[in-house]
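The values are calculated or read from the model by the stated rules, or taken from the named source; none is laboratory data. Computed from a prediction, not measured in an experiment: that's the story for all the values here. Counting neighbours? That spans all protein chains shown, and the Cβs are built from the backbone with ideal geometry, glycine included.
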Amino acid sequence: MDALLEEIRQCTICKDHLPLGPRPVMSAHPESKIVIIGQAPGTKVHASGVPWDDPSGKQLRKWLGVTDEDFYDATKFAIIPMGFCYPGRGTSGDLPPRPECAPQWHEPLLENLKQVELVLLIGTYAQNYYLKSEAKKTLTETVKNYKEYLPKYLPLPHPSPRNRFWLSKNPWFETEVLPELRRLVANIAYV
């Protein structure tokens, strides 16, 4: 596993497409119990090299009901984005994750994670990649039907502050999904 993680950290597969250059950001340990698959690091995470080290990460930790210390304990949480490097800026936010990362690195990583009990799929890119034809037409429908994907997967919206409108339009997320998410995390990560 250490050799694989080092190989990922040295990855330059899509270097010609990255405005800030390659800086793969992820975290995993052979004993990881929960895998978080998000989109790709933003500029703040690219600068720090720490996964989810931004307002979205703060919100995600709140959703999970965990401390920073527990969140960054790789024996509890593996953090494997769809794209390991900052993809650049588009017209309405960051560009999509680079398409090279997940096919290159996810399978070897997941093969080394034998203790995983739950995979959190954050956002449409992760949900479509892992759920394939089982994903619903929209992220909202996929998240609303989260029970269909348990016990292996739990789809979530992105915790970005920009998603405040989505959260206000979908109050069921806070009343139904978040309590289940916190229960699962507590039962898996703290046992």
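Side notes on the structure shown:
- The requirement of being within 14 Å of the chain's Cα centre (by Cα) and surrounded by fewer than 18 Cβ atoms within 10 Å (Cβ to Cβ) is not satisfied by residue 108.
- If the condition is being in a helix (DSSP H, G or I), aliphatic (A, V, I, L, M) and over 23 Å from residue 46 (Cα atoms), then region 112-141 contributes 131, 139.
- Within region 122-170, the set of residues being surrounded by fewer than 15 Cβ atoms within 10 Å (Cβ to Cβ) and at positive phi comprises just one member, 132.
- Region 1-86 holds helices (runs of 4 or more DSSP H) entirely within its bounds, and those carrying 1 or more residues that are acidic (Asp, Glu), surrounded by fewer than 15 Cβ atoms within 10 Å (Cβ to Cβ) and at pLDDT 95 or above map to 2-9, 68-71.
- Scanning region 73-112 for residues being over 30 Å from residue 191 (Cβ atoms), touching a His at 6+ places or on another chain (Cβ under 9 Å) and of a type in the set (Gly, Ala, Ser) gives a total of 1.
- Tabulated pairs, region 29-54, first over 11 Å from residue 74 (Cβ atoms) and free of Cβ contacts under 8 Å to residues at least 12 places away in the same chain, second of a type in the set (D, E, K, R) and part of a loop (DSSP other than H, G, I, E, B), C-beta under 6 angstrom, 6+ apart or interchain: 44/54
- Number of residues in region 128-164 that are out of contact with any helix residue (DSSP H, G or I) (no Cβ under 7 Å at 6 or more places or on another chain), free of Cβ contacts under 8 Å to residues at least 40 places away in the same chain and closer than 18 Å to residue 62 by Cβ equals 2.
- For the criterion of being within 14 Å of the chain's Cα centre (by Cα) and either assigned to a helix (DSSP H, G or I) or at pLDDT below 95 (or both), residue 187 fails.
- Scanning region 87-111 for residues that are small (Gly, Ala, Ser) and not in a loop (DSSP other than H, G, I, E, B) turns up 90, 93, 102.
- Unmet criterion (only one of (1) part of a loop (DSSP other than H, G, I, E, B); (2) modelled with pLDDT of 95 or more) for residue 173: (1)
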